[in-house]
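Colleague: The structure under discussion is supplied below as structure tokens; questions concerning it will follow.
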Amino acid sequence: MKPMKTFFKLLISVGLIVIFSHASCDKWVCGDNWFVNKTMHKINVNVYCHGEANNELSFHIAPYDSINRMTCGLGGPVDPFTSNTCGPDSILVVFNDTIPLNTFRYLEYNPMNLKKIGKTKFRYEFTEMHYQKALEVNGYLR
Amino acid sequence: MNSDNRFEMSTPYTPSVLKPKLKVGYYHHDHWRDINGSAVPFRENLTIPHVCIYGKDGSGSWSTTDFVYATTCHEVVHVSHWEMIGEGAFAILWLNPKTRIIPESWAVAVEWGLTNLEYKVLGQKYLSPQALSYNFNYGYQSWYLGRNDFYTPLFIDLIDDFNQKTYYNGDNRPDDKVKNYTLSSIESILFGVRDYEVLKAMLKMNKPVGVTDGDIDDLINYYRNI
């Protein structure tokens, strides 16, 4: 029985070493943020920080197309609309370079609310609803 | 680093006869694990430091220097927390996925505070507006439910005056009406904290003027229910 007891003690010790040797390991994780344009319109997503357009965080998507914005951070990917010098004051979704929708005024259309579709995969869809809202707030729909 | 430039928080680690000096080592890359930093304060090995910082991430890309600085602060905060509450209590907190938010989010808050402070000092020295307006990862304020399980702005939310729920909208962000705690006051509170109930009770006992018990409950319950 003594060898068994020693074996179990050894097993527990190895287990503890494995647990503790991984203690406080902070992992840099990158993730995919997918933005999908499900409309027939070209979309520009313009991010404004401190009142100025931020080229690093802004992007555009062709009709019926999608783009991937990869971001990385400790433990998980950071938000694709944030950097060390930019916390957005507003995000404008502009259709066909002409019809803007301020998603910070109509927060239900805010593209910062990406849906989690995998451990490090996020997705946001621009749909006809966004376009209709943009038309409405710009006075094209009565 | 004296107490003035670490927000009057305690010394992160105190060596003694049985506890050698804390060794912090930098390596370009951890070839075995995809990590940027690790802290194993109880490890006594002549060749391996207690805290390891890596310049490259798992994909082999170099991290920016601000991130390396922040990661170093983050890991040393783990050591400080470990020393403050003891090895057993820290292990219980860290190994339980429900409470691991506490040590990780505390490390996030201090890394944010110290990295911003470093850039403020540099900004004043070199008169750089960009450095003066620097805010590491924008205070993790764009964090939302589902994005990152452990590294949350829980403790930053106790300090800042920014309510993500009203700013960004949605139930996937905390309703943060709490403000004006300091890093040193939170550190004192964390001395006895092993779970969210104690954390709430301690925060209520030490709340700044204008903060209500209900505000504290709302904020902490949000993170507790992740």
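Colleague: In the list B:216, B:186, which residue meets the criterion of being in contact with a Leu (Cβ under 7 Å, 6 or more places away or on another chain), touching a residue at least 60 places away in the same chain (Cβ under 8 Å) and of a type in the set (A, V, I, L, M, F, W, C)?
Modeller: B:186
Colleague: Can you work out which of the residues in segment A:44-66 that are within 13 Å of chain B (Cβ to nearest Cβ) and part of a strand (DSSP E or B) is nearest to residue A:89 (Cα to Cα)?
Modeller: A:49
Colleague: Right, next: Looking at segment A:69-92, can you tell me whether even one residue there is in contact (Cβ under 8 Å) with a residue 12 or more places away in the chain, over 30 Å from residue B:118 (Cβ atoms) and either crowded, with 16+ Cβ neighbours inside 10 Å or acidic (Asp, Glu) (or both)?
Modeller: yes
Colleague: Which of the residues belonging to segment B:128-166 are buried (at least 18 other Cβ atoms within 10 Å of the Cβ), of a type in the set (Phe, Trp, Tyr) and either more than 7 Å from chain A (Cβ to nearest Cβ) or out of contact with any helix residue (DSSP H, G or I) (no Cβ under 6 Å at 6 or more places or on another chain) (or both)?
Modeller: B:138, B:140, B:143, B:144, B:155
Colleague: If I filter segment B:159-170 for residues that are modelled with pLDDT of 95 or more and under 15 Å from residue B:105 (Cα atoms), do I get at least one hit?
Modeller: Scanning segment B:159-170 turns up at least one residue that is modelled with pLDDT of 95 or more and under 15 Å from residue B:105 (Cα atoms).
Colleague: With B:195, B:218 as the choices, which residue is within 22 Å of residue B:97 (Cα to Cα), charged (D, E, K, R) and touching a Ser or Thr at 6+ places or on another chain (Cβ under 9 Å)?
Modeller: Only one candidate passes the filter, namely B:195.
Colleague: Now for a separate question. Would you confirm whether or not segment B:44-57 contains a residue that is surrounded by 13 or more Cβ atoms within 10 Å (Cβ to Cβ), among the aliphatic types (A, V, I, L, M) and within 27 Å of residue B:224 (Cβ to Cβ)?
Modeller: No, segment B:44-57 contains no residue that is surrounded by 13 or more Cβ atoms within 10 Å (Cβ to Cβ), among the aliphatic types (A, V, I, L, M) and within 27 Å of residue B:224 (Cβ to Cβ).
The values are calculated or read from the model by the stated rules, or taken from the named source; none is laboratory data. All values reported here derive from a predicted model rather than from experimental measurement. Note that we place each Cβ from the backbone using ideal geometry, even for glycine, and neighbour counts take in every protein chain shown.
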